[in-house]
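Accompanying notes for the structure given below.
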Amino acid sequence: MFHIELRQAPHSLHRFNLDQRELEATVLAPWVRGTHIEIGERVWDPSTASILVLEGPEIPIGRLTMGRGWAVAQREGTEVTAQVIAAVRRELADAIVDGAPEQIAPASATADAAVLTDALGLELLRNIGDTPTSLPAAWRIAAQRHPRLPIGAALDLTRGAVASLVRSRLARLVRLAPADGGEAVDLDGSALDDALATIDAWTLESGPGALFLRRP
């Protein structure tokens, strides 16, 4: 079972004993899409609120009285916030790409693109590890992850994910040093946009001028 805490100053709310379907449908899916959630006679805005998700055994009603429930949930449960949100991001991204709108709540195309971009960004972060990832390799990951996307759309998705990671300082984009000497260069700001718009960025796997995603 899952137990959640929502905080949006000056308010907080706890909900207990949610199964996975209820958690995803009523809380996590709208949270990931950035839409408001109405729970406990309040409206919670994901852009200003925070969420904490615990997984643990079902808590009997008798142990929820007098405000003891959250302490019990913390003592007997494990925090899984990042894991469950990442899983929902992947599910929503798959639903969007596979053309299954019945699996997701209606939303704008911009919100759909943001879900896809965030999901790919998480996958690229996992892939980097201690080894830099070239931009062509990142593009291949996007194409393999979403085989039904046109290759051009996969490139646009990769470009957006890379830009988001770099601007959020979750990753660095580095151009290898030229053959005649010099140093590798970190790209950001307008230089980042210019680099991501070039053909070489997405075709050079190695050597001078190739672009790589690295850990900060």
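The values are calculated or read from the model by the stated rules, or taken from the named source; none is laboratory data. What you are looking at is a predicted structure, and each value in this text was computed from that prediction instead of being measured. Note that each Cβ is placed from the backbone with ideal geometry, even for glycine, and that neighbours are counted across all protein chains shown.
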Which listed residue, of Glu123, Glu91, is surrounded by 15 or more Cβ atoms within 10 Å (Cβ to Cβ), among the acidic types (Asp, Glu) and modelled with pLDDT of 85 or more: Glu123
Pairs under 6 Å by beta carbon, first residue more than 14 Å from Gly160 (Cβ to Cβ) in the range 190-211, partner part of a loop (DSSP other than H, G, I, E, B) and modelled with pLDDT of 85 or more, six or more apart or different chains? Leu204/Ala210
What do you reckon, is Arg145 touching a strand residue (DSSP E or B) at 6+ places or on another chain (Cβ under 7 Å), in contact (Cβ under 8 Å) with a residue 24 or more places away in the chain and within 28 Å of Glu91 (Cα to Cα)? no
Count of residues meeting criterion [in contact with a Leu (Cβ under 7 Å, 6 or more places away or on another chain) and not hydrophobic (A, V, I, L, M, F, W, C)] in the range 1-32: 3
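Yes/no matrix, rows are residues, columns are (1) surrounded by 13 or more Cβ atoms within 10 Å (Cβ to Cβ); (2) of a type in the set (D, E, K, R); (3) more than 22 Å from the chain's Cα centre (by Cα):
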site: Ile4; (1), (2), (3): yes, no, no
site: Leu18; (1), (2), (3): yes, no, yes
site: Val32; (1), (2), (3): yes, no, no
site: Ala49; (1), (2), (3): yes, no, no
site: Pro60; (1), (2), (3): no, no, yes
site: Ala71; (1), (2), (3): no, no, yes
site: Gly77; (1), (2), (3): yes, no, yes
Met66 vs (1) on the phi > 0 side of the Ramachandran plot; (2) outside any helix (DSSP H, G or I): all pass except (2)
Sort through Ala73, Ala109, Ala86 and tell me the only one that's more than 27 Å from Arg169 (Cβ to Cβ) and modelled with pLDDT of 85 or more. Ala73
Answer yes or no: is there a residue in the range 20-42 that is of a type in the set (A, V, I, L, M), at pLDDT 85 or above and not in a helix (DSSP H, G or I). no
Residues of the range 132-153 that turn out to be buried (at least 22 other Cβ atoms within 10 Å of the Cβ) and small (Gly, Ala, Ser), as a count: 2
